[in-house]
Structures are given as C-alpha cells and as structure tokens.
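Accompanying notes for the structure given below.
A short reminder: the numbers here are calculations on the coordinates, not readings from a lab. Model, not experiment: these values are computed from the prediction. Every residue, glycine as well, gets a Cβ built from its backbone with ideal geometry; the counts of neighbours run over all protein chains shown.
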Amino acid sequence: MTLVSDAMIFAACAHDGMLRKGTNVPYIVHPAEVAAIASTLTDDPEILAAAVLHDVVEDCGVGRAELEQRFGARVAELVLSETQERCGDPRMTWEARKRGAIEQIARGGRATKIIALSDKLSNMRAIHRDFERDGESMFARFHQRDKRRHAWYYRSCAALLKDELGDTDAWRELNGHIEVVFSEEGMELCPPKAAYAG
C-alpha cells in the first residue's frame, strides 16, 4: 500500500461519522479535496499524505507520536504545521488560533504553503458555494460570525501564499473566491505582511 493510500484510509477512519460544518456532507470529502488540490502543485507523496491528514490532530485527537510511527517524521511535522491550537471557548479563541495559523504560513516552507493553500482553497470553495445559496446568513454557522474577520483571515493567508504560489492556478482560484465572497470587505483589517515575517 502506498503512503498516500494509507493516509486516505487512516483519515477516513479518524473522521468517520463527522460532517462538514452546517451540512450533511461527510467530513472526509474535505481532506480528500485538499489532497487533490495539493496534487496539482506537487507529486511528493509525503506532502500529499500530510494534506489528507491535515485535520486529524486538530479534530480527531490523533497524537504526533502515532503519526510519526505510521507515516514518518516529515509527514507528522507537516500535519502539525497546519494544526490550529484549541483551548476554551472557540468564540473567544478564534482570532488567536487564526493568528497562529497565519504565523505558521509565514514561517513555513513550500511544502507547508502547498498544504495551507490547498486547505484554504477547499474551504473557500465551500464558503463561496454556500454564500451564493444562502447569502450573509451562512456565516451564522461559524463560531466567528463576523464576516469581516473571515475576510481578514483569508486575505491574510492569500497574501502570505502569493510570493511562493501566486503563479499557480490554485492560488488564482483561491484569490478569485475571496474577491467575490468578501468584495465588500477591504484590506483595512489585514495586518501588514511584515508583521508575520521572521
């Protein structure tokens, strides 16, 4: 069995019974889509395995040791680079977690950025689809209901991914979804790129 196939099976079992927020769509559809997007950017099996596993620590309680034992140290490290810390009331910690995610993108190398771009594009595809159907009310399903904060987060991520991956179809698609969904929300809430350097 290949590394990516093993990761697909592991992720499917870890996410079994979970649904995408506010839908009846099985959660595994998201990590599978993230891996599919990543495959347009690389054929590195460790990056693709990490892409499909990117939420198993954050959402399923899988530990680093288990990932390292089964998939190797590099895959585990890449998964952890896409893992947001969870603590307390998610409404209170949303911005702190998102700032941490932005900082991880800023510090990360190309492999980390490929997974981040793939994850954000999968999420923005779903947000755009739901926004077209439900309008502003779709943001009520999230812990953070302020559309401006989502705009800040996705615009910040896209800005940090542009230098490395801005010439890819995936980045251009991500940016296109952001511009449509958040057309009324400008850049004023976005911190300068320099804030995440170093």
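Some observations on this one:
- Under 5 Å between amide hydrogens, built in the peptide plane, is the criterion, and for Leu19 it picks out Tyr27 among residues at least 5 positions away or on other chains.
- In the elastic network of the chain, a GNM with C-alpha springs shorter than 10 Å, the most mobile of Arg70, Arg149, Arg133 is Arg133.
- Distance from region 6-63 to region 90-146 (C-alpha centre basis), Å: 15 Å
- Burial order of peptide ranges 74-80, 116-122 (average beta-carbon count within 10 Å, highest first): 116-122, 74-80
- In the list (1) 9, 36, 40, 14, 1; (2) 9, 31, 30, 21, 8, 0; (3) 8, 30, 34, 21, 6, 1, 0, the label attached to P(r) over Cα pairs in 10 Å bins from 0, in percent as derived from the coordinates here is (1).
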